[in-house]
Amino acid sequence: MLDLPDPTQLAVPAFVLLVLAEIFYGWKTGRARFEGKDTMTSLIMGLGSTVSGALTAALAIGFSYWVWANFALFDLGAAWWVFVLAFVLDDLAYYWIHRMGHRMRWMWAAHVIHHSSQHYNLSTALRQTWTGQFTPGILFKMPIFLLGVEPAIVFFCAGINLIYQFWIHTEAIDKMPRWFEYLFNTPSHHRVHHANNPRYLDANYAGVFMVWDRMFGSFIPEEKTEPCRYGLVTDLGTFNPLRVALHEWVGIFKDIWHAATWRDRMLFLLAPPGWTPDGSRMTSDMIRSAWLERNKAKSKDPTPAD
């Protein structure tokens, strides 16, 4: 078993210093916006995520090593190219974990925390889940272990991936060079991902490489004509960390408790957020479709004469 460090733990001091630097930069230029209670909530959520992750890490590590030790097709070792391969494959797995985190309510219950801020700054990057270990996300990494990559390498690469994603949570950077925007995730691409505008919902799931969004049809560029609005479609209206962490789980349990059939109970877990048997709530697909219909109707209306 390889003994590799946790890159995210080593990066924590840099995260804090960069948040402070962005606060100062925003105060001087107005190109980064912070709200005291919101920032404090993000920091508390980040601390809670670190604690919950440490308490449950043994489960994920143990399961991953059991799969790797008993079912791996090859033993790829720990050469430099294995780390490169693992980084690319882990980024692909992250794409699908992230996409399902928006398309399956069970996984959204953990991921929604990260989208609950109405502000977009480096502190938002620290607003992480306390309950991700209770979702099936780890299953998307099983093919990497089955291929023969030791779990320690995959977890190390996942940490590097998360460190990369920290800097893209900012409004202080407009656009990177065109080639960089094409290949990699950037603040512009990730602002779209965090936006609640109907145009932008459920897009740009990439961790590092934008090729996955372009390949799987989920890429949407940021439009200068439509600034991003941040937060959930329906704002929580609270800075209480416990409510931020658990509100969607509570909603799921309530829906399952009142569901009429076992099929509905399963779909309250597996269907997209907002799904209901009677359509009384709206999924992101329904919100976007309604927005497209409104735009289509507007385009057909004759322009009134002056």
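The values are calculated or read from the model by the stated rules, or taken from the named source; none is laboratory data. In this text the structure is predicted, and so the values were computed from the model without any measurement. In this analysis, Cβ positions are derived from the backbone assuming ideal geometry, glycine residues included, and neighbour counts consider all displayed protein chains. For the accessible areas, the whole protein counts, side chains as well, though only heavy atoms, and no ligand, DNA or RNA atoms are used. Shrake-Rupley method; radii C 1.70, N 1.55, O 1.52, S 1.80 Å.
Output the residues belonging to the stretch 36-75 that are of a type in the set (S, T, N, Q) and more than 16 Å from GLN133 (Cα to Cα). Walk me through it before giving the result.
Initial filter on the stretch 36-75 (of a type in the set (S, T, N, Q)): 39, 41-42, 49-50, 52, 56, 64, 70.
Within the stretch 36-75, THR39, THR41, SER42, ASN70 meet the criteria.
If you go through the stretch 13-35 and keep only what is open to solvent by less than 60 Å² (accessible area, probe 1.4 Å) and either within 10 Å of SER123 (Cβ to Cβ) or out of contact with any Lys or Arg (no Cβ under 7 Å at 6 or more places or on another chain) (or both), you end up with ALA14, PHE15, VAL19, ALA21, GLU22, GLY30, ALA32, PHE34. Looking at the stretch 116-129, is at least one residue over 28 Å from ASN240 (Cβ atoms), touching a residue at least 60 places away in the same chain (Cβ under 8 Å), assigned to a helix (DSSP H, G or I) and open to solvent by less than 40 Å² (accessible area, probe 1.4 Å)? No, because not a single residue in the stretch 116-129 is over 28 Å from ASN240 (Cβ atoms), touching a residue at least 60 places away in the same chain (Cβ under 8 Å), assigned to a helix (DSSP H, G or I) and open to solvent by less than 40 Å² (accessible area, probe 1.4 Å).
Being modelled with pLDDT of 95 or more, within 18 Å of GLY53 (Cα to Cα), under 13 Å from the mean Cα position of the chain (by Cα) and open to solvent by less than 50 Å² (accessible area, probe 1.4 Å) is a description that does not apply to ALA93.
Among the numbered conditions (1) on the phi > 0 side of the Ramachandran plot; (2) of a type outside the set (A, V, I, L, M); (3) in contact (Cβ under 8 Å) with a residue 60 or more places away in the chain, the only one that ASN204 does not meet is (3).
Do you know which residues across the stretch 180-189 are in contact with a Ser or Thr (Cβ under 9 Å, 6 or more places away or on another chain) and either closer than 20 Å to GLY30 by Cβ or open to solvent by 50 Å² or more (accessible area, probe 1.4 Å) (or both)?
Filtering the stretch 180-189 down to residues in contact with a Ser or Thr (Cβ under 9 Å, 6 or more places away or on another chain) leaves 180-181, 187.
Matches in the stretch 180-189: PRO187 only.
Among residues of the stretch 227-249 that are more than 25 Å from ARG199 (Cα to Cα), those with a beta-carbon under 8 Å from a residue that is open to solvent by 70 Å² or more (accessible area, probe 1.4 Å) at least six positions away or on a different chain give the pairs PHE239/LYS37; PHE239/MET40. Just one of the listed residues (PRO177, PRO143) is surrounded by fewer than 21 Cβ atoms within 10 Å (Cβ to Cβ) and either touching a helix residue (DSSP H, G or I) at 6+ places or on another chain (Cβ under 7 Å) or free of Cβ contacts under 8 Å to residues at least 24 places away in the same chain (or both), namely PRO177.
A quick yes/no check of all residues on (1) within 30 Å of ILE256 (Cα to Cα); (2) among the small types (Gly, Ala, Ser):
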position: PRO5; (1), (2): no, no
position: ALA14; (1), (2): no, yes
position: LEU17; (1), (2): no, no
position: LYS37; (1), (2): no, no
position: LEU43; (1), (2): no, no
position: LEU47; (1), (2): no, no
position: LEU55; (1), (2): yes, no
position: ARG99; (1), (2): yes, no
position: ARG105; (1), (2): yes, no
